[in-house]
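The values are calculated or read from the model by the stated rules, or taken from the named source; none is laboratory data. Since this is a predicted model, take the numbers as computed values, not measurements. We place every Cβ from the backbone using ideal geometry, glycine too, and count neighbours over all the protein chains shown. Accessible surface areas use protein heavy atoms only, side chains included; no ligands, DNA or RNA. Shrake-Rupley method; radii C 1.70, N 1.55, O 1.52, S 1.80 Å.
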Amino acid sequence: MTNRQPLTDLKGVGEKTGKLFERLGIRTVRDLLSYYPRDYQAYERPVPIGQLKEQRIMSVESALATSADLLRFNRMQLVSAQIRDLTGSLQLAWYNMPYMRSHLKTGEMYVFRGRVAKKRGRLVMEQPEVFTPEAYEALEDSLQPVYGQTRGLGNKAIVKMVRQALEVRQMEREYMPGDIRRRQELAEINYALERIHFPADRAELLFARKRLVFDEFFLFLTGVKRLKEHRENKASSYIIRETALAVRLKESLPYRLTRAQEQAFADVCRDMGGGFVMNRLIQGDVGSGKTIVAVLALLSAAENGFQGALMAPTEVLARQHFESITKLFADCGIEKRLVLVTGSMTAKEKREAYAAIASHEADIVIGTHALIQEKVVYDKLALVITDEQHRFGVGQRELLSGKGDSPHVLVMSATPIPRTLAIILYGDLDISVIDELPAGRRAIKNCVVDPGWRPKAYAFIENQVAQGRQAYVICPMVEASEMIEAENVVDYTKSLRKELPDFIRVEYLHGKMKAKDKNRIMEEFAAGEIQVLVSTTVIEVGVNVPNATVMMIENAERFGLAQLHQLRGRVGRGADQSYCIMINGSGDGDAAKRLDILNKSNDGFFIASEDLRLRGPGDIFGLRQSGDLEFRLADIFTDADVLKRASQEVSRLFAEDPGLEKEEHKELRARIEAYLGDHYEKLSL
């Protein structure tokens with residue numbers, strides 16, 4: 001079976017199941033094999049009851065002390081049983097699984113595996129998995145994959161299909177040159193693809209993962225290298241100089257620009273007026289004031305007779321930029337026309353916007369990825385700005401640039417990547433750093449607590465809402481998983497509504513919702529109609545809600561420090577004191593020490609550096625991927641060393657064989673050509 005065949009060619013995948021897989025972006029056998037586990041469950045040796053630890057997933061071997069009971073209440077069916085050994089007793093509970101009563105027989109030995117909790121002073125394990133001792137022994141000390149799931153498609157079903165795909169797949173041709181594999185100690189590609197899904201142990205997993213991570217970085221950096229060569233020292237048709245209007249806007253602001261903002265804008269002006277195409281990254285912490293630098297650049301382009309475009313990652317953020325810049329210009333008496341372009345606009349609204357852009361009635365265009373659609377035709381597009389670039393990927397940035405005749409490119413990123421890594425990742429861009437916060441910003445007050453502190457956190461949120469404020473609650477998952485123990489958005493929202501008074505409106509938001517529903521929820525939250533928003537990390541690049549003063553993060557131990565800092569940056573944007581409450585759900589002291597770094601600093605660049613220092617190359621368990629750029633598996637913090645090595649190998653390879661014309665580079669050349677074709681519009685070897 002070829003890897004490009006549709007998933008429905010696999011045994012057991014009909015039309016209905018195929019559509020469930022499509023929700024996860026899986027349409028072909030290759031897509032499935034590239035759908036890497038998001039976590040792994042370690043089946044550790046069973047322990048005596050007395051050694052069980054709260055908030056940990058553990059296993060215990062025992063026979064039932066008494067026969068199981070079936071209880072009914074409030075439309076709920078509960079099967080309850082108890083086990084004992086010489087070290088203590090443990091209550092077992094299964095909800096809405098009545099068959100467990102007849103399934104469990106007294107006198108027989110079982111292994112029970114699940115999360116341990118303490119309720120009413122006694123140890124409880126709810127919804128534990130049940131194994132015969134022989135079946136558990138077969139799993140013991142192994143790592144079992146846990147995949148991202150969707151409603152109707154559980155982990156067991158995905159595991160079954162991945163196993164089948166590995167059996168029937170077409171083997172990959174090895175494309176990485178042997179000398180690179182030897183120097184970097186990389187696994188063979190087919191071995192890596194198999195073991196990333198089903199490793200025998202941790203060592204196998206790390207060996208497989210290293211190869212796949214190296215490949216992701218290697219191909220990405222090849223694209224960056226080609227992009228740099230494509231752009232380097234390219235003469236510009238657009239000479240843009242700072243104008244009196246930009247100076248007037250700057251002087252009319254209710255605050256003074258910081259030294260770092262002034263320097264960043266000076267860098268931009270020098271580039272745009274220097275006769276060559278600008279390719280610059282403005283890297284600044286959340287709330288450091290990157291947007292006003294972008295606005296001044298757009299105004300300068302418009303005043304010089306050209307058009308400028310700003311692409312935001314979400315419709316809500318694009319609309320917010322549009323409204324805030326329109327108001328800023330009106331307050332300053334600046335008569336430049338802005339046009340908004342988003343996917344949810346009506347056909348009539350889009351036609352009117354396209355006409356205004358093509359006729360140059362529009363000086364500044366703001367929108368989402370809708371800006372790069374074929375129907376959008378610009379007139380003298382001289383400046384392209386992408387906000388939160390890591391949400392787009394380099395290819396989309398290039399598509400927007402392709403809308404003009406080599407326009408100046410400005411990228412803004414709030415991801416505080418250490419400079420050593422930024423130079424590698426953004427190799428096609430010059431870098432300006434805004435490393436100061438505007439005067440008057442209050443530092444966010446932070447605390448790291450265990451789950452037992454939740455009632456106090458809820459009371460605190462209730463108090464803040466009573467004062468007219470709003471709050472975010474972040475959970476790492478969309479829906480409950482049969483394998484991952486972590487708070488999830490949907491169930492959490494239901495329980496939080498019960499905990500808080502009726503006058504507080506609690507809603508949820510996650511990336512799998514339809515665009516119109518996401519936009520509606522974010523707009524209602526921004527307008528103050530929703531008081532508490534339970535969300536996944538989709539709000540990392542949300543909107544500016546100055547009235548939100550509380551950020552509560554569940555299972556904070558599952559996130560990287562840099563990502564936690566990004567989430568924390570959603571609050572602290574107004575005049576009121578803001579707070580960040582991080583719940584460490586693991587009960588792990590090391591996790592608490594790591595999280596405590598956020599207590600001590602609000603400096604994103606320091607935190608990112610600490611994240612890089614603390615997350616060693618083998619530290620991949622229980623930590624959420626950073627989600628930056630366009631990597632499926634690689635993480636720029638965890639895998640920083642691999643990133644540097646991949647960068648060195650790319651430089652060495654193209655120095656020795658610029659066109660990859662040697663016979664030993666034939667397969668690699670084909671692989672890179674395919675990658676460039678998938679990710680870039682006009683690049684090739």
Strands (runs of 3 or more DSSP E) contained entirely in region 423-478, each with at least 2 residues that are surrounded by fewer than 20 Cβ atoms within 10 Å (Cβ to Cβ):
430-434, 445-449
Name the residue that is nearest to Pro133 (Cα to Cα), counting only residues in region 52-76 that are at pLDDT below 90 and buried (at least 17 other Cβ atoms within 10 Å of the Cβ).
Ile57
Sort out which residues of region 405-422 are open to solvent by less than 10 Å² (accessible area, probe 1.4 Å), out of contact with any helix residue (DSSP H, G or I) (no Cβ under 9 Å at 6 or more places or on another chain) and not aliphatic (A, V, I, L, M), and write them in order of number.
none
Of residues in region 2-25 being in a helix (DSSP H, G or I) and polar (S, T, N, Q), the one least open to solvent (accessible area, probe 1.4 Å)
Thr17
Within region 561-599, can you find the residues that are polar (S, T, N, Q) and in a helix (DSSP H, G or I)?
Gln563, Gln566, Asn599
Determine, yes or no, whether Arg84 is in a strand (DSSP E or B), at pLDDT 90 or above and open to solvent by 40 Å² or more (accessible area, probe 1.4 Å).
yes
Any residue that is within 27 Å of the chain's Cα centre (by Cα), modelled with pLDDT of 90 or more and under 22 Å from Asn519 (Cα atoms) - is there at least one of those in region 366-378?
yes
Return the only residue of Ala646, Ala634 being open to solvent by less than 30 Å² (accessible area, probe 1.4 Å), at pLDDT 85 or above, in a loop (DSSP other than H, G, I, E, B) and among the small types (Gly, Ala, Ser).
Ala634
Which condition does Glu137 not pass, out of (1) over 28 Å from the mean Cα position of the chain (by Cα); (2) surrounded by 14 or more Cβ atoms within 10 Å (Cβ to Cβ); (3) not in a helix (DSSP H, G or I), if it passes all the others?
(3)
Residues of region 115-149 being at pLDDT 90 or above and at positive phi, which ones?
Gln127
Which one of the conditions (1) at pLDDT 85 or above; (2) surrounded by fewer than 20 Cβ atoms within 10 Å (Cβ to Cβ); (3) in contact with a Gly (Cβ under 9 Å, 6 or more places away or on another chain) does Gln577 fail to meet, given that it meets all the rest?
(3)
Subset of region 494-521 [within 18 Å of the chain's Cα centre (by Cα) and surrounded by 18 or more Cβ atoms within 10 Å (Cβ to Cβ)]:
Tyr508, Leu509, His510, Lys518
What's the total number of residues in region 355-367 that are without any contact (Cβ under 8 Å) to a residue 60 or more places away in the chain, under 13 Å from Ala309 (Cα atoms) and of a type outside the set (A, V, I, L, M, F, W, C)?
2
The one condition in (1) in contact (Cβ under 8 Å) with a residue 12 or more places away in the chain; (2) closer than 30 Å to Leu206 by Cβ that Gly25 fails to fulfil
(1)
Which numbered condition Ala208 fails, given (1) buried (at least 17 other Cβ atoms within 10 Å of the Cβ); (2) in contact (Cβ under 8 Å) with a residue 40 or more places away in the chain
(2)
Within region 343-377, how many residues are in a loop (DSSP other than H, G, I, E, B) and either touching a Gly at 6+ places or on another chain (Cβ under 7 Å) or at positive phi (or both)?
2
Out of everything in region 322-342 that is in contact with a Gly (Cβ under 9 Å, 6 or more places away or on another chain) and of a type outside the set (Phe, Trp, Tyr), what residue ends up being surrounded by the most Cβ atoms within 10 Å (Cβ to Cβ)?
Val341
Count, please, the residues in region 510-521 that happen to be outside any loop (DSSP other than H, G, I, E, B) and either of a type in the set (Lys, Arg) or closer than 13 Å to Ala471 by Cα (or both).
3
Which residues, counting only those in region 86-141, are among the hydroxyl-bearing types (Ser, Thr, Tyr) and farther than 22 Å from Met76 by Cα?
Thr87, Ser89, Thr106, Tyr110, Thr132, Tyr136
Within region 211-248, take every residue that is closer than 30 Å to Ile334 by Cα and of a type outside the set (A, V, I, L, M) and give me the one that is most open to solvent (accessible area, probe 1.4 Å).
Arg241
Going through (1) surrounded by fewer than 16 Cβ atoms within 10 Å (Cβ to Cβ); (2) of a type in the set (D, E, K, R); (3) closer than 25 Å to Gln263 by Cα one by one, Glu303 fails only at (1)
Tally the residues that are closer than 21 Å to Ile521 by Cα, in a strand (DSSP E or B) and either more than 30 Å from the chain's Cα centre (by Cα) or among the charged types (D, E, K, R) (or both), restricting the search to region 297-342.
0
Given the conditions (1) over 21 Å from Glu167 (Cα atoms); (2) modelled with pLDDT of 90 or more, report the number of the one that Tyr43 does not fulfil.
(2)
If we ask which residues in region 109-134 are open to solvent by 90 Å² or more (accessible area, probe 1.4 Å) and among the acidic types (Asp, Glu), their number turns out to be 1
Just wondering, is there one or more residues in region 519-531 that are within 19 Å of Ile583 (Cβ to Cβ) and at pLDDT below 95?
no
